[in-house]
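Working notes for the structure below.
The values are calculated or read from the model by the stated rules, or taken from the named source; none is laboratory data. Please read all numbers here as calculations on a predicted model, not as lab measurements. A quick note on method: Cβ atoms are made from the backbone with ideal geometry, for glycine too, and the neighbour counts reach across all protein chains shown.
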Amino acid sequence: MISFFAEDIAMPKMKRNELRKWIKAVAQKHGYKTGEISYIFCSDKRILEVNNEFLQHDYYTDIITFDYTEGKTISGDLFISLDTVASNAEKFNTDPTSEFHRVVIHGILHLCGINDKGPGEREIMEQHENEALALLAEMSAEEKK
């Protein structure tokens, strides 16, 4: 089950069923099925608290992924700072909805074993994000037919 929650911030507008289908399709493309996945949308203040408490990091970030994957079933808690998503959209001159979707799928890609911290890994992650965003566009176009 894929669930969406908001802590200390308003729930973002989103097409939940479309997102769930997309997330499942991306996981399947990487050889996984989805288990219990919780998205927790929050503010910069809250994500900093989570980063400090659980990772001992003292900085803001767009997403923190807690991975509970077992075997080929991905599960996890994904904290997303909507404040940082909005500021990144502005900073990178991208559409806010597109940036939101990029961060949503970024966490799923982490659960599928794709990393972005080592040499060359960031580019690989971006490639997978772009492929996933293209898949979402295809799925959305199909829905409109």
*Only one of (1) exposed (fewer than 14 other Cβ atoms within 10 Å of the Cβ); (2) in contact with a helix residue (DSSP H, G or I) (Cβ under 7 Å, 6 or more places away or on another chain); (3) not hydroxyl-bearing (S, T, Y) fails for E138. Which number is that?*
(2)
*Note down all Cβ pairs under 6 Å where the first residue falls in the stretch 73-96 and is closer than 19 Å to F54 by Cα, the second is modelled with pLDDT of 95 or more and polar (S, T, N, Q), and they're at least six residues apart or on different chains.*
S75/T69; G76/T65; D77/S38; L78/T65
_Six or more apart or on different chains, Cβ atoms under 8 Å: show the pairs whose first residue is in the stretch 132-145 and under 16 Å from L19 (Cβ atoms) and whose second is surrounded by 11 or more Cβ atoms within 10 Å (Cβ to Cβ) and small (G, A, S)._
L133/S98; L135/A25; M139/A25
*Hand me the list of helices (runs of 4 or more DSSP H) wholly inside the stretch 80-145 holding 3 or more residues that are touching a strand residue (DSSP E or B) at 6+ places or on another chain (Cβ under 7 Å).*
96-111
*What single numbered condition from (1) more than 18 Å from E129 (Cβ to Cβ); (2) buried (at least 18 other Cβ atoms within 10 Å of the Cβ) fails to hold for G76?*
(1)
*Which of the residues spanning the stretch 22-47 are under 17 Å from the mean Cα position of the chain (by Cα), under 22 Å from L82 (Cβ atoms) and part of a helix (DSSP H, G or I)?*
W22, I23, V26, D44, R46, I47
*out of contact with any Gly (no Cβ under 6 Å at 6 or more places or on another chain), assigned to a strand (DSSP E or B), more than 18 Å from E131 (Cβ to Cβ) and of a type in the set (A, V, I, L, M, F, W, C), is that true of F54?*
no
*Name every residue in the stretch 96-125 that is over 21 Å from A25 (Cβ atoms) and surrounded by fewer than 13 Cβ atoms within 10 Å (Cβ to Cβ), in order of residue number.*
N115, K117, G118, P119, G120, E121, R122, E123
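Considering only residues that are charged (D, E, K, R) and in contact with a Lys or Arg (Cβ under 8 Å, 6 or more places away or on another chain), which ones fall in the stretch 1-38?
Across the stretch 1-38, the qualifying residues are E7, D8, K24, K33.
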*Could you list, in sequence order, the residues of the stretch 25-53 that are within 26 Å of T73 (Cβ to Cβ), of a type outside the set (A, V, I, L, M), free of Cβ contacts under 8 Å to residues at least 40 places away in the same chain and buried (at least 17 other Cβ atoms within 10 Å of the Cβ)?*
none
*Report, by residue number, each residue of the stretch 4-31 that is in contact with a Ser or Thr (Cβ under 7 Å, 6 or more places away or on another chain) and closer than 14 Å to G107 by Cα.*
I23, K24, A27
